[in-house]
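Here's the structure, in structure tokens; my notes come after.
The values are calculated or read from the model by the stated rules, or taken from the named source; none is laboratory data. In this text the structure is predicted, and so the values were computed from the model without any measurement. Glycine gets a Cβ as well: all are built from the backbone with ideal geometry, and neighbour counts include every protein chain shown. Ligands, DNA and RNA are excluded from the accessible area calculation, which covers all protein heavy atoms including side chains. Shrake-Rupley method; radii C 1.70, N 1.55, O 1.52, S 1.80 Å.
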Amino acid sequence: MFEKEIARRRTFAIISHPDAGKTTLTEKLLLFGGAIQVAGAVKSNKIKKHATSDFMEIERQRGISVATSVMSFEYQDTLINLLDTPGHKDFAEDTYRTLTAVDSVILVIDSVNGVEEQTRRLVEVCRMRDTPVIVFVNKMDRDGKLPFDLLDEIEKELKLTLHPMTWPINSGKEFKGVYDLHQKSLLLFTAGQKSQEDNSIPIEDLADSSLDRHIGARDAKQLREDVELLDGVYGELDRQDYRAGGIAPVFFGSAVNNFGVRELLETFITIAPVPLGRATDKRFVKPEEEKFTGFIFKIHANLDPRHRDRIAFLRVCSGRFARNTYYKHTRLEKDVRFSNPYSFLAREKDIIEEAYPGDVVGLFDTGNFKIGDTLTQGELLQFTGIPTFSPEIFKELVNKDPMKTKQLEKGISQLTDEGVAQLFTQHGGNRKVIGCVGELQFEVIQYRLLQEYGASCAFMPLSFYKACWITGDKKKVEDFAKYKPANIMTDKDGNLVYLAQSEWFLNTERQNNPDIEFHFTSEFKTSQSGA
Ligand code: G4P
């Protein structure tokens, strides 16, 4: 049936700390796929990471970036869906959610800076889901850390087990290229490489004197020593282990010079997992099942106030999605159909007739969807594994115009459905607390509430440290909620949440309430959620 379609798809994201080279690498990959013709096409859509004060500019660029949120292209008969993740740290939630819709990731590390703060968090999210990771150590044309030290740092700090696929010969001005440990070939570095041809030189045996001719006796000696060491430690790559999220293959290169990108891409299409199944609250859904299922992992608002429609991003999980067909929106238990679903295939950004597992479809939405919503051909199930994480900044929402209370309530409800921020309502009361990852979102919310809903609001800072979803013995949880009215809220799904003032308070509550569990994400085993 459509097994062939599944087998030829790869859906992934590139993740990195800002500035490591994600945009540059994305662009080079697109050039390989023929999806763009000139360098710079992606870059111009990039959210500028330094523009923290200018949120309108960021939102504007976010608007533009809808088009590049998903980039689909073909390379050697493989259909690659590359899901973009915002680099700006205030949009980290967006990135976490996008990671629920991919089957693997490429992690870009700057060879000069090594492991950086956002890399750590992103990899943590990948580890939670055992997402397979391929590492690309970028900027080898700069004087970076020594490769063995870098591997050590990555392994220790990110708790990844690495497996080098290529090995660099020096770095910075002395950078001569890489030796491909698996293809057994030498790839010589030339700056500003435009060609996409395979220029590798086969060198089966490193003892071969041709190696000295290519890179000089000194570097040849070093490479032989390095490779001997590597062979002893690593051996063959175990693909199963990589796909289970246990081992991360590593490539060295320079994205801006288009160096090492081809090797990365070719290995990626060979070893990266095909679209995988997903867990639901009822059962595991396999991609090859005949009936269509999918879930919404991202919602993008149209910033033009005259067009209030939004775009919901659907990841197809099983079966075949078809245009103009009724599907079950399982949360609302309502049938919906889409006459203009669109694809992100770069050359034909257009209405599509059908889509297969691994694909992402853009659906016009008038407010029916929220993140995590599931569509099926009738079966009432809900995809799991799309958790909400505890926000980091909390503020109370203050209504500045009582005449517009309704608009404010509607606006804040819709914006939080989109995932712009999280809304907590006082348990048994009406106080509203907004939780975000970055300050920027508060400005975005304030602006959009006024522009789109005519409601004006202010935010009062609150000094909370984390939101913890609480579960456990029903009576104990109820008693706890009664005893801590100022700290107990409900999330939008009615789950009880404890807002802790500090780590100390949280630990104290944990000790005092051994029958209650405190979770940093909204998703926990349903068997535990006795509350
Ligand atoms: P990001 O999306 O991860 O934030 O990073 P981006 O690709 O924008 O790259 C950040 C900077 O690093 C850019 O320079 C880019 O040109 C540079 N860069 C990317 N790959 C390499 C590489 O292999 N070697 C070297 N030396 N630099 C690299 P910029 O000055 O911020 O931007 P631009 O003006 O050059 O575009």
Exercise. List the pairs whose first member sits in the stretch 68-84 and is without any contact (Cβ under 8 Å) to a residue 40 or more places away in the chain, whose second member is among the charged types (D, E, K, R) and not in a loop (DSSP other than H, G, I, E, B), and whose Cβ atoms are under 6 Å apart, counting only residues at least 6 apart or on separate chains?
Worked result: none
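To keep it simple, each residue is scored yes or no on (1) in contact (Cβ under 8 Å) with a residue 40 or more places away in the chain; (2) in the same structural domain as G372 (by TED's automatic domain parsing); (3) open to solvent by 70 Å² or more (accessible area, probe 1.4 Å).
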| position | (1), (2), (3) |
| --- | --- |
| K221 | no, no, yes |
| A244 | yes, no, no |
| V256 | yes, no, yes |
| G294 | yes, yes, no |
| R315 | yes, yes, no |
Problem set entry | Among (1) crowded, with 20+ Cβ neighbours inside 10 Å; (2) more than 23 Å from L449 (Cα to Cα); (3) outside the structural domain of F313 (by TED's automatic domain parsing), the one test that T388 misses | (2)
Exercise. Considering Q446, Q451, Q422, which residue is open to solvent by 50 Å² or more (accessible area, probe 1.4 Å), under 20 Å from E392 (Cβ atoms) and of a type in the set (S, T, N, Q)?
Worked result: Q446
Seminar exercise, completed: When the stretch 308-331 is checked residue by residue, the ones that are more than 13 Å from L363 (Cα to Cα) and either modelled with pLDDT under 95 or basic (K, R) (or both) are R308, R320, K328, R331
Problem set entry | Positions within the stretch 156-177 being touching a strand residue (DSSP E or B) at 6+ places or on another chain (Cβ under 9 Å), open to solvent by 60 Å² or more (accessible area, probe 1.4 Å) and closer than 27 Å to R239 by Cβ, in sequence order | E157, T161
Problem set entry | Filter result (within 14 Å of the ligand (Cβ to nearest atom) and hydrophobic (A, V, I, L, M, F, W, C)) within the stretch 98-114 | V105, I106, L107, V108, I109, V112
Seminar exercise, completed: Per the list (1) of a type in the set (S, T, Y); (2) in a loop (DSSP other than H, G, I, E, B); (3) within 16 Å of the ligand (Cβ to nearest atom), residue check on T119 breaks on (2)
Problem set entry | Conditions (1) over 21 Å from F91 (Cα atoms); (2) open to solvent by less than 40 Å² (accessible area, probe 1.4 Å); (3) in a helix (DSSP H, G or I); number of the one not met by L499 | (3)
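Would you say E124 is over 27 Å from R10 (Cα atoms) and either open to solvent by 10 Å² or more (accessible area, probe 1.4 Å) or among the aliphatic types (A, V, I, L, M) (or both)?
no
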Problem set entry | In the stretch 223-240, residue modelled with the lowest pLDDT [restricted to those that are in a helix (DSSP H, G or I) and surrounded by 14 or more Cβ atoms within 10 Å (Cβ to Cβ)] | Y234
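Condition first: free of Cβ contacts under 8 Å to residues at least 60 places away in the same chain, acidic (D, E) and either in contact with a strand residue (DSSP E or B) (Cβ under 7 Å, 6 or more places away or on another chain) or under 18 Å from V433 (Cβ atoms) (or both). Can you find one or more residues in the stretch 473-481 that meet it?
First, the residues of the stretch 473-481 that are free of Cβ contacts under 8 Å to residues at least 60 places away in the same chain: 473-481.
From what's left, acidic (D, E): 473, 478-479.
Adding the requirement that they be either in contact with a strand residue (DSSP E or B) (Cβ under 7 Å, 6 or more places away or on another chain) or under 18 Å from V433 (Cβ atoms) (or both) leaves none.
Checked against the condition, which is being free of Cβ contacts under 8 Å to residues at least 60 places away in the same chain, acidic (D, E) and either in contact with a strand residue (DSSP E or B) (Cβ under 7 Å, 6 or more places away or on another chain) or under 18 Å from V433 (Cβ atoms) (or both), the stretch 473-481 yields no hits at all.
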Exercise. Just wondering, is there one or more residues in the stretch 187-206 that are assigned to a strand (DSSP E or B) and surrounded by 18 or more Cβ atoms within 10 Å (Cβ to Cβ)?
Worked result: yes
For this session: Look at F252 and say whether it is under 28 Å from M128 (Cα atoms) and within 16 Å of the ligand (Cβ to nearest atom).
Result: yes
Exercise. How do the pairs read when you match residues in the stretch 4-22 that are of a type in the set (F, W, Y) with residues anywhere that are away from the ligand (no atom under 16 Å from the Cβ), using Cβ under 8 Å and keeping only pairs 6 or more apart or on different chains?
Worked result: F12/I80; F12/N81; F12/V102; F12/D103; F12/S104; F12/F268; F12/A272
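The rows are residues; the columns are (1) more than 19 Å from R129 (Cα to Cα); (2) modelled with pLDDT of 95 or more; (3) of a type in the set (S, T, N, Q).
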{"position": "L375", "(1), (2), (3)": "yes, yes, no"}
{"position": "S390", "(1), (2), (3)": "no, no, yes"}
{"position": "I393", "(1), (2), (3)": "yes, no, no"}
{"position": "M403", "(1), (2), (3)": "yes, no, no"}
